[in-house]
Every structure is written in C-alpha cells, then in structure tokens.
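Before any comments, here is the structure.
Taken together, the values in this text are just the output of simple stated rules run on the coordinates, not laboratory data. Quantities reported herein were computed from a predicted structural model and do not represent experimental measurements. We place every Cβ from the backbone using ideal geometry, glycine too, and count neighbours over all the protein chains shown.
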Amino acid sequence: MEKIIDEKVQGNTLTLTSKPDNARKLYIESYGCAMNFSDSEIVASILTEQGYNTTNKLEEADLVLVNTCSIRDKAEQTVRKRLEKYNAVKRNDNPKMKVGVLGCMAERLKEKFLEEEKIVDLVVGPDAYKDIPNLLKEVEEGRDAVNVILSKEETYGDISPVRLGGNGITAFVSITRGCDNMCTFCVVPFTRGRERSRDPHSILNEINDLAQQGYKEITLLGQNVDSYLWYGGGLKKDFKNASEMQKATATNFAQLLDLAATAQPKMRIRFSTSNPQDMGEDVLHVVAKHKNICNHIHLPVQSGSSRILKKMNRQHTREEYMQLIDKINEIIPGCAISQDMIIGFPTETEKDHEDTKSLMEYVKYSFGYMYKYSERPGTMAGRKLEDDVPEEVKSRRLTEIVDLQQKHSALRTAEFLGKTVTVLIEKESKKNKNEWSGRTEHNNVAVFPKKNYKPGDFVNVKITDCTTATLIGEAVGYS
Ligand code: SAH
Ligand code: F3S
C-alpha cells in the first residue's frame, strides 16, 4: 500500500483519545501496512466506547494491543521482540497490564499464540475487532480469549475511526478489505480473508466529515483498490451472473474516485494500492480529469520477468505491464509511478533478474519498495516451490535493484529543478526547525523556509535543489 511502512513501527499514538469519564488506559501500536494503521483507529474507536483512553506510556496501560504484520518473516520477528519488551514492563513496572495481539499474525497463528507467547492474553483477527469488548470480559474472568473468524461482510463501515498518530491534515480511508488475488508468495488472502468493498455512502460520509474537521488529504486504502465494487454488499459470487450484478446499482473504483473528488474538490486525494491486472483506463481518465486527485500511482510489479510473474500468479505479463505504463504516461503526462519488487523468488535466474532491471529502466520509477523473497507458511509458493535462490545471491541482486532505483529516483526528483510545485505542509522539517516539510502531488517530500505559512496550507514552492528523495525550495505564495 502506499506508505508501505512494513516492519517499522507506525509510531505510537501521538494524538491521544481522552473522554473525561474513561478511566482505563489503552496503549496501541501498529506494524506493517497502512491498513493496519487504519484498523488500529477503528479498534481505538471501539475501545473509547468501552471506557478506554489511549496512552503512550506502556507503564500505565491497562491494556496493550499490538497490530501485527505477517508479510515477511522479519516483520513477525519484530513483533516477537516487542512482546519481549511488554513482558519486561509487565514484570517490572505494570503487573496489571493485559496484552492483546491483533492483525495478520493473530490470524495466522491463532490459539498457538497463547502457547508460544505466555504474555499474550487476547488474540483477535482483522475481522473480529467488534468482538473485543466481549473478549476483554473473557480475559477478566481468566479465560483465553481468541477470535480469528474471518468475515465475508465486515467492512467496519459503521465505525467512525478515531484519528491516532495523526497530524490533523492527512488521513487514511479504507475502501476494501481482504484480497482474492492469491499471488503465490502472499499471506494476505489467508490473514485478511475474502475481498469485500465498503458501502460508498459510508466512505463519502467519512470523507465529508474529515473535510469538515479540516483534513486536507486522504488516501483511499485497499489491498487492491482497482477491484473495488459495491453492489449492495456480499461476495461477487453471490450474484448468478454479471448482468444481474450490473442491475444492482454497482459502483466501481473509477466511479468512487470520481464521486470522492467531486464531493470535496479542495481535498487532495490519493489511493493505494493499484494492481496492474485490475487497473482500467477509466481510473486513469478520472485521475486526469480531477485536479485534486494526485498524479501518482503505486503500481507494484514484483518482477520484470514474465516467467516469474506467471509463477507468482500475477495475471499479467511484462509486456502487458509495459503497455499499462504507456497508457498512464499518455493519459496522465508526468504521472509519478512507484513500485514494489520481490527479489529472489524461487527459480529466479540471472536472466529474470536482468529482465527486472530492464523493466525498471523502461519505467524509471519515482521510488519503490524492494524486498528479498521471504517464504510464508501456507502460501502456494511456500508449499510448492523451494526457496532456492541462495541468500547471498538475493542480497547481491537486491543491492543492484536498490542502486538502480536510487539512480532513477535522483533522475525523477531532478526533473523538478527550477519548477514550481504545490506542497501541502504537514510538519516541521526534522533536519531544520526553521523549515516546513510537506509533500507534492507526486509524493515527493519538499522542504522550504517557514515564512508565515503553517501546517495544512497548500503552498507554491519553487524548487532550487534536490536529493534523491527530497525537493528543496522556497515558498512563493499560496496555491
Ligand atoms: N496488495 C498489496 C500487497 C500487500 S503486500 C499491495 O499491493 O500493496 C506489500 C508488498 O509486500 C507486496 O507488493 C510485495 O512486494 C511484498 N511481499 C508480499 N509478500 C512477500 C513475501 N512473501 N516476500 C517478500 N515480499 C513480499
Ligand atoms: Fe497479496 Fe497479491 Fe493480494 S500481493 S494482497 S495476494 S494482490
């Protein structure tokens, strides 16, 4: 997903919920993708109604919840280390605290979690968050509390998330849950279940609310936003045929995007993640039509080799992906495009690796997220394919891919030298307290002297310098 912040802490809660009558304290932290971060806001909302306010001090928490990621082994190891930390705090400072595991690891490991990690009192999968109040009662009565039932309908559309860790300027809005694609390397279809779309009314209500609260940018979130399809809920297979589905007043992703951009023309809109096999031209035309939809498409490809793509069960070839890139460039000139790559998928040869590099040369991505293949238990690749690319070969190939991306990122940021771009100010620059930091529509970070501007302002910035990832400039007026 955009802002894939895999394996890093998304940050403890910065914005704390505080209902005056709430006596108990919740510490919640999230790992993994933006969807987890967004889910934690739903969980915090549910628990606010149960008498909990959030805290960022483990020592004073009654309940500690960790929203976990299973996408790669390393992500799971990070969570295990955090559990050790909670254990130490519980032993030394806070014996009363209860610990719950949420998210993909909870779904993958289920009851096993309680056996493997003695610190854990509560295990809740991504579709069972509404059951947390009941599960907490079980915990209080000294019983194990596990709910990992996946749902075909749950979208949490009726829950208004409390905005944690937020800056009051940018927010995530989830539009689909789960994934039906079954890429052979990926654990998500197993941990997040079947794909389902959220009612467009509840999405638009949430966006309108955010606008009213002063938010300036939203990111529509889904594992695969392009397959968003609302036709009254339920699964696609519940309809006997396509025409029956059409009859029900369906809304697809292009239409949803159009509705959102039209409803709030001053709100900047991003979306993530797009899947090449499902992204239609209609989406590109909607992006081109609306000034407030950012010209940036995160379009993971995973490999530049058609042979490997087939083994990954990605439903497109290298050539088809290149044609889609051509279409993007034609319909949205200057659109930033970013990637996810998996290096060292089983059977990957030097030739396949060279194909990945030549695809990157063709696209010249603005940025990307690159990972060594990590075998996941239960996936098709995990069961059927030997993880046969030696570790040192994976490492060397990853370095080559990362270096190439660095080169392209540098090239892409340099394109903005001398140009004036619109920046939404998000916060003070980490490096210089006299400068603001924000992002352009192409998702480049830009820094510039503060003058009289403030966070939440859209400012025109003349770019005078750049690094591979950051634009440096001077504000020349409001946008
Ligand atoms: N549909 C989501 C995918 C989420 S996983 C999206 O498109 O964002 C995010 C990324 O993690 C994937 O695009 C892939 O590059 C990487 N990934 C997934 N499973 C992996 C595995 N087993 N090993 C290494 N990287 C993996
Ligand atoms: Fe995973 Fe492929 Fe879905 S990467 S989340 S199975 S689109």
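Subtracting the Cα-Cα distance of N329 and E375 from their residue separation scaled by 0.36 nm leaves 13.1 nm. Put in order of Cβ neighbour count within 10 Å, fewest first, the listed residues K430, K19 become K430, K19.
About its Cα centre, the chain has a charge dipole of approximately 760 debye under the convention of +1 per Lys or Arg Cβ and -1 per Asp or Glu Cβ, with nothing else charged. Estimated at 0.36 nm per residue, the fully extended path between V402 and N434 surpasses their Cα-Cα distance by 8.3 nm. Legend: residue pairs K81/K427; K19/K57; K74/K372; K74/K407; K130/K152, Cα-Cα distance threshold 19 Å; pairs beyond threshold, K81/K427; K74/K407. Each principal axis of the stretch 170-411 carries a Cα extent, and these read 52, 44, 31 Å when sorted largest first.
For the stretch 111-173, the dipole from Cβ point charges (+1 on Lys and Arg, -1 on Asp and Glu) about the Cα centre works out to 320 debye, to the nearest 20.
Exceeding 19 Å between C-alpha atoms, which entries from my cross-link table qualify? They are K327/K462; K289/K419; K216/K364; K430/K454; K216/K433. Those over the limit are K327/K462; K289/K419; K216/K364; K216/K433.
Ranked by how many other Cβ atoms sit within 10 Å of their own Cβ, fewest first, the residues M279, M182 fall in the order M182, M279.
Cα convex hull, the chain: 157 Å³ per residue, rounded to a whole number. When a/c is below 1.5 the answer is rounded, else prolate if a/b is larger than b/c, else oblate, so apply that to the stretch 5-147 with a ≥ b ≥ c taken from the square roots of the Cα gyration tensor eigenvalues. Rounded, because the longest to shortest axis ratio a/c is under 1.5. Counting neighbouring Cβ atoms within 10 Å and putting the fewest first, the residues T420, T399, T176 line up as T399, T420, T176. Residue separation of D158 and K451 scaled by 0.36 nm, minus their Cα-Cα distance, works out to 101.3 nm of gained length. What base-10 log of the normalised intensity I(q)/I(0) is obtained for the stretch 420-478 from the Debye formula, alpha carbons as equal point scatterers, at q = 0.26, 0.27, 0.28, 0.29 Å⁻¹? Result of the Debye calculation: -1.05, -1.14, -1.24, -1.34. Listed as lacking a disulfide-compatible partner in the chain: C33, C69, C104, C179, C294, C335, C466, by the criterion of no other cysteine Cβ under 4.7 Å. Label separation (E111 vs K81): 3.2 nm, computed from points 7 Å beyond Cα along the C-beta direction. Taking 16 Å as the cut-off, the amide N atoms of the stretch 293-331 that come nearer than this to a point 7 Å along the Cα-to-beta-carbon line of E281 belong to 320-331.
In this simple spin-label model, placing a label point 7 Å from the Cα along the Cα-to-Cβ direction at both M182 and S395 gives a separation of 3.7 nm.
What the Cβ-Cβ distance of K357 and Q213 gives, at R0 = 51 Å and to the nearest 0.05, is a FRET efficiency of 0.65.
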